[in-house]
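Right, one structure below, let's go through it.
Computed from the coordinates by the stated procedures, all read-outs in this text should not be read as laboratory data. All of these numbers come straight from a predicted model, not from anything done at the bench. Neighbour counts run over all protein chains shown; Cβ positions are idealised from the backbone, glycine included.
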Amino acid sequence: MLIVQKYGGTSLMDTDRVRVAAQRAVDAVKAGDRIVVVVSAQGKTTDQMVNNAREITDSLSAREMDAYLASGEQMSASLMVMMLHSLGQKAVSLTGWQAGLLTDSVHGNARVKGLTNDRIRKELDEGNIVVVAGFQGINEAGDITTLGRGGSDTTAVALAALLGADLCRIYTDVDGVYDKDPRKFPDAVRFDRISYRDMLVLAQSGAQVLHDRSVELAMQYRVPVQVLSSFRPGPGTMVID
Ligand code: ADP
Ligand code: ASP
Ligand code: MG
């Protein structure tokens with residue numbers, strides 16, 4: 001199977017967590033799957049970067065902001081690959097533009113339009129785990145764009161859709177999708193499965209667990225999405241028809 005695994009900021013917070021994520025990807029390869037990993041920036045890196053930039057001025061250049069913020073995910077991607085190498089696994093990191101992820105030109109909230117090259121496929125064919133920096137793409141003018149806060153989920157689902165992957169696994173800090181935020185409401189109930197439509201309503205009403213555009217894409221391309229914990233084993237939630 002071709003599987004996209006996505007790791008969010010908390011799941012990559014420190015070296016130990018990067019190792020756990022990398023080992024999971026290696027185990028999947030050993031089990032016979034082809035793996036594309038999509039990574040977010042580590043921990044609260046993006047928030048810190050936003051604050052740094054705002055210390056300069058309130059009227060920031062959207063183009064430069066995207067170029068700046070995209071670097072958080074790039075750091076994660078190359079760190080993850082160095083970890084994979086240390087585990088004896090062939091792997092290569094790609095930025096959004098190296099991967100050919102074309103977007104429109106709305107800086108800070110760009111939409112994915114397609115893939116312009118077959119680099120990911122070529123690297124997979126060479127036996128690599130391909131680690132793609134989430135949250136970013138390139139527009140037709142050749143400028144770096146970002147997909148909106150939480151947008152690495154959208155990178156993962158978009159790549160799963162455009163590569164024809166069998167499954168997109170979103171590894172995060174909760175063990176699935178709940179009817180309300182389980183961190184705020186101890187009585188929240190986890191779904192074993194949820195339809196694309198119901199998930200879209202949840203995401204659009206602010207359930208951060210999946211970026212709303214990732215759900216739109218999953219619904220459009222019929223990508224099965226599994227949301228599960230980075231830290232605990234368990235089936236998580238299937239987002240599916
Ligand atoms: P990541 O860094 O992995 O992308 P996020 O912080 O973006 O993780 O999303 C996971 C968080 O979403 C959880 O920690 C949880 O507090 C929050 N959340 C909000 N609503 C829900 C919900 N309905 N189900 C699960 N998690 C939710
Ligand atoms: N790093 C970006 C953010 O914090 C994208 C993501 O984590 O999905 O919004
Ligand atoms: Mg997120």
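Every residue, every condition in (1) surrounded by fewer than 22 Cβ atoms within 10 Å (Cβ to Cβ); (2) within 16 Å of ligand 1 (Cβ to nearest atom); (3) in a loop (DSSP other than H, G, I, E, B), yes or no:
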| residue | (1), (2), (3) |
| --- | --- |
| Arg19 | yes, no, no |
| Val38 | no, yes, no |
| Asn52 | yes, no, no |
| Ile56 | yes, no, yes |
| Met65 | yes, no, no |
| Gly72 | no, yes, no |
| Met82 | yes, no, no |
| Gly88 | yes, no, yes |
| Gln98 | yes, no, yes |
### Query
Only one of (1) within 15 Å of ligand 2 (Cβ to nearest atom); (2) closer than 15 Å to Gly148 by Cα; (3) touching a Lys or Arg at 6+ places or on another chain (Cβ under 7 Å) fails for Gln5. Which number is that?
(2)
### Query
part of a strand (DSSP E or B), of a type in the set (Val, Ile, Thr), surrounded by fewer than 24 Cβ atoms within 10 Å (Cβ to Cβ) and in contact (Cβ under 8 Å) with a residue 24 or more places away in the chain: does that describe Val92?
yes
### Message
Quick check on Asp47: is it free of Cβ contacts under 8 Å to residues at least 12 places away in the same chain, more than 16 Å from ligand 1 (Cβ to nearest atom) and surrounded by fewer than 20 Cβ atoms within 10 Å (Cβ to Cβ)?
### Response
no
### Message
Could you tell me how many of the residues in region 205-217 are in contact with a strand residue (DSSP E or B) (Cβ under 9 Å, 6 or more places away or on another chain) and more than 13 Å from ligand 2 (Cβ to nearest atom)?
### Response
3
### Message
Any residue in region 124-139 that is on the phi > 0 side of the Ramachandran plot sitting within a Cβ distance under 7 Å of a residue that is within 16 Å of ligand 2 (Cβ to nearest atom) and of a type outside the set (Gly, Ala, Ser)? List the pairs, counting only those 6 or more apart or interchain.
### Response
Phe135/Glu73; Phe135/Thr146; Phe135/Leu147; Phe135/Thr155
### Message
Name the residue that is farthest from Ala165 (Cα to Cα), counting only residues in region 205-220 that are in contact with a Leu (Cβ under 8 Å, 6 or more places away or on another chain) and away from ligand 3 (no atom under 15 Å from the Cβ).
### Response
Glu216
## Note on the structure
Checked region 149-204 for anything in contact (Cβ under 8 Å) with a residue 60 or more places away in the chain, part of a loop (DSSP other than H, G, I, E, B) and either surrounded by fewer than 18 Cβ atoms within 10 Å (Cβ to Cβ) or in contact with a strand residue (DSSP E or B) (Cβ under 7 Å, 6 or more places away or on another chain) (or both); matches are Arg149, Gly164, Ala165, Asp166, Asp173, Asp175, Gly176, Val177
### Task
Could you check Ala28 against (1) within 14 Å of ligand 2 (Cβ to nearest atom); (2) more than 27 Å from Gly148 (Cα to Cα) and say which number it fails?
(1)
### Message
Just to check your reading of the model, which residue among Leu147, Leu162 is among the aliphatic types (A, V, I, L, M), under 23 Å from Ala99 (Cβ atoms) and within 16 Å of ligand 3 (Cβ to nearest atom)?
### Response
Leu147
### Query
Quick one: how many residues across region 101-138 are more than 14 Å from ligand 2 (Cβ to nearest atom) and assigned to a loop (DSSP other than H, G, I, E, B)?
11
### Query
Taking the condition over 20 Å from Arg34 (Cα atoms) and surrounded by fewer than 24 Cβ atoms within 10 Å (Cβ to Cβ), does Gly142 pass?
yes
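Among the candidates Val29, Val38, which residue alone is closer than 16 Å to Val4 by Cβ, in contact with a Gly (Cβ under 8 Å, 6 or more places away or on another chain) and not basic (Lys, Arg)?
Val38
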### Task
Return the pairs, sorted by first residue and then second, in which the second residue is in a loop (DSSP other than H, G, I, E, B) and of a type in the set (A, V, I, L, M), the first residue lies in region 228-241 and is more than 17 Å from Thr10 (Cβ to Cβ), the beta carbons are less than 8 Å apart, and the residues are 6+ apart or on different chains.
Thr237/Val177; Val239/Val177; Val239/Leu210
